[in-house]
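Read through the structure below, which is laid out as structure tokens, and then see the notes.
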Amino acid sequence: MKTVTMRSGSVLPALGQGTWNMGEDPARRQAEIGALQLGMDLGMGLIDTAEMYGEGGAEQVVGAAIAGRREQAFIVSKVYPHNADKRGVRAACERSLQRLNTDRIDLYLLHWRGAVPLSETFDALGALKKEGKILDFGVSNFDLGDMLEAEALPNGRAIAANQVLFNLVKRGIEWDLLPWSRKQGMPVMAYSPLESAGPQRQVLLAHPALLAVAQRHGCTPGQIALAWLLRQDGVVAIPKASDPAHVRANRAALDVLLSAFDLEDLDRAFPPPAKRQALAMR
């Protein structure tokens, strides 16, 4: 399994598993648990979740999936911005720990920027880190301006990762945020690596250029889109899958080696940014 190292020295798999929309339907619970466990069996021990997902339901699914095998898991969870003050962060973290049935969260992120001053949030996250309740902390949905402001704060240099929307269609971070993050040794976690489920994903996966590259490699368009992300230094992809075939397909994307010819075709079909763009968000 390819890995990525954070500034703290902690190592995480470059390919993980997302849990958006999990924990919302009791009838799917066992299938979701099984999918996450299969992913762990295949080396995708990084599991990304949040208190927002299913209002804690996804964290409960993750907790069931990692029961008895916590050491194989790298758990990422996220705190709501409205819970990001000193008392709120602590209370939210305690609730997440209880739902996850663990004594620690490997990486705890501010889900997006809200009204609470970043300095207060980072102080609270730093305190949780000192206590061992979280091992690292970071942010999500921060553009370069946000990151520069955050880095200048006390505890700002402890930011371990930034989770943002990044895929073949949404490439805006390549203009400034991604190069800056690489210089800082800060991983970028790409959520919605295959676009959000629904029409957007269907358009991406049906694109003729993507289909052509997939045909050359004898794999699926989704695997090509994931391979495009996974070839990049400092990038972690966290696709969601809730059935075994999809989990195995995601894992197989790590074995796809894109040629310069493939990359040229993809750049023509999905051009990199020609100027600074507003940060894309789901």
| Which residue pairs have Cβ atoms under 7 Å apart, sit 6 or more places apart or on different chains, and have a first residue in the stretch 211-229 that is under 24 Å from Gly18 (Cβ atoms) and a second that is of a type in the set (Val, Ile, Thr) and not in a helix (DSSP H, G or I)? | Ala214/Thr220; His217/Val256; Cys219/Val256; Gln223/Val256; Ile224/Val256; Ala227/Val256; Leu229/Val235
| field | Single match in Ala241, Ala260, Ala252, Ala214 (criterion: under 17 Å from the mean Cα position of the chain (by Cα) and small (Gly, Ala, Ser)) | value | Ala241
| remark: Quick count over the stretch 247-275, residues being over 27 Å from Leu46 (Cβ atoms) and of a type in the set (D, E, K, R), is 5
| query | Where residues in the stretch 222-238 are of a type in the set (Val, Ile, Thr) and within 25 Å of Ala160 (Cβ to Cβ), which of them is farthest from the chain's Cα centre (by Cα)? | reply | Val235
| field | Wholly within the stretch 110-198, helices (runs of 4 or more DSSP H) carrying at least 3 residues that are buried (at least 18 other Cβ atoms within 10 Å of the Cβ), charged (D, E, K, R) and modelled with pLDDT of 95 or more | value | none
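Residues checked against (1) without any contact (Cβ under 8 Å) to a residue 40 or more places away in the chain; (2) in contact with a Leu (Cβ under 7 Å, 6 or more places away or on another chain); (3) surrounded by fewer than 20 Cβ atoms within 10 Å (Cβ to Cβ); (4) among the β-branched types (Val, Ile, Thr):
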position: Gly23; (1), (2), (3), (4): yes, no, no, no
position: Pro26; (1), (2), (3), (4): yes, no, yes, no
position: Leu36; (1), (2), (3), (4): yes, no, no, no
position: Tyr53; (1), (2), (3), (4): yes, no, no, no
position: Gly63; (1), (2), (3), (4): yes, yes, no, no
position: Ala67; (1), (2), (3), (4): yes, no, yes, no
position: Arg70; (1), (2), (3), (4): yes, no, yes, no
position: Val76; (1), (2), (3), (4): no, yes, no, yes
position: Lys86; (1), (2), (3), (4): yes, no, yes, no
| request: Restricting attention to the stretch 93-108, report how many residues are in contact with a strand residue (DSSP E or B) (Cβ under 9 Å, 6 or more places away or on another chain) and in a loop (DSSP other than H, G, I, E, B). | output: 2
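The values are calculated or read from the model by the stated rules, or taken from the named source; none is laboratory data. All of these numbers come straight from a predicted model, not from anything done at the bench. No Cβ is skipped: glycine too gets one built from the backbone with ideal geometry, and neighbour counts run over all protein chains shown.
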